[in-house]
Amino acid sequence: MQEVMRSQLKPEIQVFANPETLTQTAAAEFVRQADQAIQARGRFTIALSGGSTPKSLYALLATQPWRSRILWNQVHLFWGDERHVPPSDPSSNFRMTQERLLFQVPIPQENVHRIKAENPDAKVAAAEYEQNLKQFFELGEHQFPRFDLVLLGMGSNGHTASLFPGTDAVREQTRLVVASWIEELNSYRITLTPPVLNNAACVIFFVTGSEKATMLKTVLEGQYQPDRLPAQIIRPTQGKVVWMVDQAAASSLSPN
Ligand code: 6PG
């Protein structure tokens, strides 16, 4: 009980002068966590975020010295969510990662576990990814995968991964992966669910830019209302959550 209580205390917030210093620190943390996981368990499992914020991190990890500090043979990449589009689509999170990272590093193809969102039925794509997770993590009934690291962003409406305000996905407690119809996008999204994200050893949010400042304050300091602010639902039960934000995004936060 003590462990659960502790991890649900105020999350760790790291404020950086600008996105560049945030990205450098994030790359070092990625390498540190990869080393630690590979030494302890022979592999590093990570669920990547989509969107634009992590692009600079993925690009940095593909350059020296970071590129050669990572044992890519023992890194397994997953995605926290995906748009319901083929991998060749410009809006695909997988394509974004391919262009900035996967084409530049020697990660074995079998270590890249993308969501096959080209399936015309998003629900089938979600079910297939769920099966992949169960097989890879060798899960029994009612078990959830425990990622070493989950990277997340936060939208200006408080969503994270593809857990959008007012959707059933925010309250999902059984499934590992769901397809969620997002009215405001007029499209499906495929997303890991809260129990999977909250089972991670470490969750890192990347949030930059003044346009996120009001929502960041609301999520971190406002009333707990995850249906309206899905990013609030991320509270790892036996793990930690770190918010890595730049000064522009942190500009509305109360001083410590
Ligand atoms: C996606 C992401 C999504 C993203 C936020 C923030 O597929 O778009 O998973 O949750 O992290 O929307 O996006 P930006 O980083 O582009 O602001």
For this session: Restricting attention to segment 167-182, report how many residues are in contact with a helix residue (DSSP H, G or I) (Cβ under 9 Å, 6 or more places away or on another chain) and either open to solvent by less than 10 Å² (accessible area, probe 1.4 Å) or not hydrophobic (A, V, I, L, M, F, W, C) (or both).
Result: 11
Seminar exercise, completed: Contact list, first residue from segment 151-175 and among the acidic types (Asp, Glu), second anywhere and more than 13 Å from the ligand (Cβ to nearest atom), beta-carbon distance below 9 Å, six or more apart or interchain, is Asp168/Val178; Glu172/Val178; Glu172/Thr193; Glu172/Pro194; Glu172/Pro195
Exercise. Just one of the numbered conditions (1) within 20 Å of the chain's Cα centre (by Cα); (2) under 30 Å from Ser252 (Cβ atoms) is not true of Ala17; which one?
Worked result: (1)
Seminar exercise, completed: Filtering segment 152-166 for residues that are within 14 Å of the ligand (Cβ to nearest atom), open to solvent by 20 Å² or more (accessible area, probe 1.4 Å) and farther than 22 Å from Gly239 by Cβ leaves a count of 3
Seminar exercise, completed: Reported set for segment 167-182 where residues are more than 15 Å from the ligand (Cβ to nearest atom) and either assigned to a helix (DSSP H, G or I) or small (Gly, Ala, Ser) (or both) is Asp168, Arg171
Problem set entry | Failed condition for Val178, given (1) touching a residue at least 40 places away in the same chain (Cβ under 8 Å); (2) closer than 25 Å to Ala34 by Cα | (2)
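If I filter segment 225-238 for residues that are touching a residue at least 60 places away in the same chain (Cβ under 8 Å), over 27 Å from Asp148 (Cα atoms) and either outside any strand (DSSP E or B) or of a type in the set (D, E, K, R) (or both), do I get at least one hit? If you could, list the steps in order and put the result at the bottom.
Residues of segment 225-238 touching a residue at least 60 places away in the same chain (Cβ under 8 Å): 227-238.
Remaining after also requiring over 27 Å from Asp148 (Cα atoms): 228.
Then drop every residue that is not either outside any strand (DSSP E or B) or of a type in the set (D, E, K, R) (or both), which leaves 228.
There is at least one residue in segment 225-238 that is touching a residue at least 60 places away in the same chain (Cβ under 8 Å), over 27 Å from Asp148 (Cα atoms) and either outside any strand (DSSP E or B) or of a type in the set (D, E, K, R) (or both).
I need the full set of residues from segment 1-30 which are part of a helix (DSSP H, G or I), among the hydrophobic types (A, V, I, L, M, F, W, C) and either surrounded by 15 or more Cβ atoms within 10 Å (Cβ to Cβ) or modelled with pLDDT under 95 (or both), in order please.
Taking segment 1-30 and keeping what is part of a helix (DSSP H, G or I), we get 2-7, 19-30.
In the following step, the residues that additionally are among the hydrophobic types (A, V, I, L, M, F, W, C) were identified as 4-5, 22, 26-28, 30.
Passing the criteria: Val4, Met5, Leu22, Ala26, Ala27, Phe30.
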Problem set entry | Residue list for segment 183-203, filter: open to solvent by 10 Å² or more (accessible area, probe 1.4 Å) and either within 14 Å of the ligand (Cβ to nearest atom) or not in a helix (DSSP H, G or I) (or both) | Glu184, Leu185, Asn186, Ser187, Tyr188, Arg189, Asn198, Asn199, Ala201
Exercise. Is one or more of the residues making up segment 231-253 within 12 Å of the ligand (Cβ to nearest atom), at pLDDT 95 or above, more than 20 Å from Val170 (Cα to Cα) and loosely packed, with under 14 Cβ neighbours inside 10 Å?
Worked result: no
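When you check Lys217 against the structure, is it part of a helix (DSSP H, G or I), open to solvent by 10 Å² or more (accessible area, probe 1.4 Å) and either more than 10 Å from the ligand (Cβ to nearest atom) or not charged (D, E, K, R) (or both), yes or no?
yes
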Problem set entry | Failed condition for Lys212, given (1) open to solvent by 10 Å² or more (accessible area, probe 1.4 Å); (2) in contact with a strand residue (DSSP E or B) (Cβ under 9 Å, 6 or more places away or on another chain); (3) not in a helix (DSSP H, G or I) | (3)
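The values are calculated or read from the model by the stated rules, or taken from the named source; none is laboratory data. For clarity, every value in this text was computed on a predicted model and none was experimentally measured. Every residue, glycine among them, receives a Cβ derived from its backbone with ideal geometry; neighbour counts consider all protein chains shown. Heavy atoms of the whole protein, side chains included, go into the accessibility calculation; ligands, DNA and RNA do not. Shrake-Rupley method; radii C 1.70, N 1.55, O 1.52, S 1.80 Å.
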